[in-house]
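Here, each number is a calculation from the coordinates, and none is a lab measurement. From a predicted model like this one, the values you see are computed outputs, not experimental measurements. Cβ coordinates were reconstructed from backbone atoms using ideal geometry, including for glycine residues, and neighbour counts include every protein chain displayed.
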Amino acid sequence: MRHDDMIRVLGPIDLLAHGRPRSVGGRNARRLLGALVVGAGRSISIHQLQWSLWGDTPPRSATSSLQTYIARLRHRLGSETIERSDHCYRLVVERHQIDAIRLEDLLTGAPAPRDDPQRCLDICTEGLALWRGDPFGDFVDDEPFRLESARLGELRVSLNELALECELVLGRSDIVAAELESAVEEYPYRERLWYLLIDALASDGRRVEALRACSRLREVLAEAGLEPGERLTRVEQEILTDAPHEAERAQRDDGH
């Protein structure tokens, strides 16, 4: 693989080569590459790879078929990209050459929104642009990929939350509020989104709507069998007294 080529699993599994998407082969070739990506950086046993391809009922030709698929992937990716050691195979590429790992690195390396909101927003935008659909494409719900798909989906939501928080810090509360309204409908049990929405509404001078959002959050928590903490009560009091929201934002940045 060239330095700027990328194996992509944040959508249908394929290869981005010379700036253009390229197929890595048929269904089994894509499943095999997906399994190697899930285990990127470590050796995966032949047995595990066969299970990823055929489940608990591999064909009699499983060993030779796996070798054929490995050979085809090496032809497309480069002979050095898949190493054989004992009874295992390992995908050997740079971290930035797998979009899912690139996404993790971007999220980990992003500065706190209040430290450098524009830089943080630029990183979030780059990360979100990596997505092209469900992780692993049509294999998203298949057993070998289900847990990793869920984890990557969580990263996507977290990245989107971070981007919205950056927009708030940059003073774009009027624009962000509408996006957050949709976000809390889609993810009603993510408290961070609710507090971002409340903050956006309050910062935009829409105190009545902010208090309604507080009430809706109480209802959501009650439905989940949870009691609202002191934070929600404090936020409501700040809105009622029209107190500055700087303290609340600072606590949010610290992860409280």
(request) Mind putting a number on the dipole of the chain about its Cα centre? Charges go on the C-beta only, +1 for Lys and Arg and -1 for Asp and Glu, and I need it in Debye to the nearest 20. (result) 1560 debye
(request) Using the charge dipole of segment 17-111 (Lys, Arg: +1 at Cβ; Asp, Glu: -1 at Cβ; taken about the Cα centre), state which of LEU36, LEU106, GLY19 has its Cα farthest towards the positive end. (result) GLY19
(message) From Cα pairs below 8 angstrom and at least 6 apart in sequence, can you work out the relative contact order of the chain, rounded to a whole percent?
(response) 16 percent
(message) Counting other beta carbons within 10 Å of each residue's own, what order do TRP194, TRP131 fall into, fewest first?
(response) TRP131, TRP194
(message) Please list, ordered by chain and number, the residues whose modelled amide H lies under 5 Å from the amide H of ASP14; skip anything fewer than 5 residues away on the same chain.
(response) ARG8
(request) For ILE82, list long-range residues whose amide hydrogen, built 1.01 Å from N in the peptide plane, is under 5 Å from its own amide hydrogen. (result) VAL92
(message) With an 8 Å Cα cut-off and a minimum separation of 6 or more residues, compute the relative contact order for segment 25-98 in percent.
(response) 42 percent
(message) How would LEU91, LEU226, LEU196 line up from fewest to most surrounding beta-carbon atoms within 10 angstrom?
(response) LEU226, LEU91, LEU196
(message) So, R0 is 41 Å and r is the distance between the beta-carbons of ASP115 and THR241; what FRET efficiency does that work out to, to 0.05?
(response) 0.90
